[in-house]
1. Residue 137 is checked against (1) assigned to a strand (DSSP E or B); (2) touching a Gly at 6+ places or on another chain (Cβ under 6 Å) and fails just one. What number does that condition carry?
2. Limited to the range 219-247, what total is found for residues that are part of a helix (DSSP H, G or I), closer than 26 Å to residue 182 by Cα and in contact (Cβ under 8 Å) with a residue 60 or more places away in the chain?
3. If you check residue 95 against the conditions, is it crowded, with 16+ Cβ neighbours inside 10 Å and out of contact with any helix residue (DSSP H, G or I) (no Cβ under 9 Å at 6 or more places or on another chain)?
4. From the list 60, 40, pick out the single residue that is under 16 Å from residue 122 (Cβ atoms) and assigned to a loop (DSSP other than H, G, I, E, B).
5. Here is a list of conditions, (1) at pLDDT 95 or above; (2) charged (D, E, K, R); (3) more than 30 Å from residue 206 (Cβ to Cβ), and residue 13 meets all of them except one; can you say which number that is?
6. Out of 246, 259, 208, 199, report the one residue that is modelled with pLDDT of 95 or more, surrounded by 15 or more Cβ atoms within 10 Å (Cβ to Cβ) and either touching a Ser or Thr at 6+ places or on another chain (Cβ under 9 Å) or within 26 Å of residue 41 (Cβ to Cβ) (or both).
Amino acid sequence: MSVPVPDATPRSRATVQYETPRAAIHGPALELPRAIAHRGLSARAPENTLAAVRAAHAAGCRWVELDVQLLGDGTPVIWHDAGVRRCSNGRGKLRRLDIERARQLDVGSWFNPDFHDERMATLDDMLALLAACDMGLNLELKISYKHDPAALAETVIPRALAALPPSRLLVSSFDRNALRSARRQEADPHRLRLGLLYDRLPRGWQADAEALLASSVHLDWRKLKPGTVAAVHEAGLQLLCYTANDPATFLPCWEWGVDAVISDDPTLFASTENLGIV
């Protein structure tokens, strides 16, 4: 089953669309869907869980965006916050948990009682599910307070590369140290594609892109400008936007040339009618 998210960039009758370059600055561009499921299909299942990825797959989503961190015992887990209070029935910091204690948490009931059996997913469990579902992954290296960026990258990157082909893996982060460590794990940008995460495009982003051999830039869609999109494309990088859930309001971003949107519910973007294209 496949959600009919348009693969061609939508055009309005009055707008000339900027074409994405055929190759990124350091290797061919990823063949991304127009919409990627944020933390799995987080509009319909608890975020960053196996259930959310299963829901995304059932809805026809081809790619998901997930967060990864390390527990105190070094186990890589799929989790966004520094602590567990918001998305579980427990309290405390992730860095103070080991996998045995983490597995005891109910990480689904906060979203809906139907998910009361959901447990925190390890990276290995998640990668196995994604491989079985033939799905792509935008994996964010999430660096919380007192977490070691190098340790995270050194633990995560070899596992991700072993589980998924390069065409279905994109690693991103707000933390430049995490991305530098990731690049040290795999120097070939054809084997490991890196995405630069920013709130808005800062000065010096081109230097980051060149130093890290990055293939994409990821920006908050609410702060996007047409010139920003053009600058990223002129540098030969793809542009992804987070986290949009209103296709009508997002429409100008397509017209400016955005390559993909990260959404809590990608099915909202599944038809040209929802995008406002006639």
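1. With respect to (1) assigned to a strand (DSSP E or B); (2) touching a Gly at 6+ places or on another chain (Cβ under 6 Å), residue 137 is out only on (2).
2. Going through the range 219-247 one residue at a time, the tally reaches 2.
3. yes
4. The unique qualifying residue is 40.
5. (1)
6. 259
Table: residues versus (1) of a type outside the set (Val, Ile, Thr); (2) assigned to a loop (DSSP other than H, G, I, E, B); (3) over 26 Å from residue 82 (Cβ atoms); (4) in contact with a helix residue (DSSP H, G or I) (Cβ under 8 Å, 6 or more places away or on another chain).
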position	(1), (2), (3), (4)
159	yes, no, no, yes
177	yes, no, no, yes
194	yes, no, no, yes
208	yes, no, no, yes
217	no, no, no, yes
249	no, no, yes, no
253	yes, no, yes, yes
262	no, no, no, no
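The values are calculated or read from the model by the stated rules, or taken from the named source; none is laboratory data. No experiment lies behind these values; they were computed from the predicted model shown. Neighbour counts run over all protein chains shown; Cβ positions are idealised from the backbone, glycine included.
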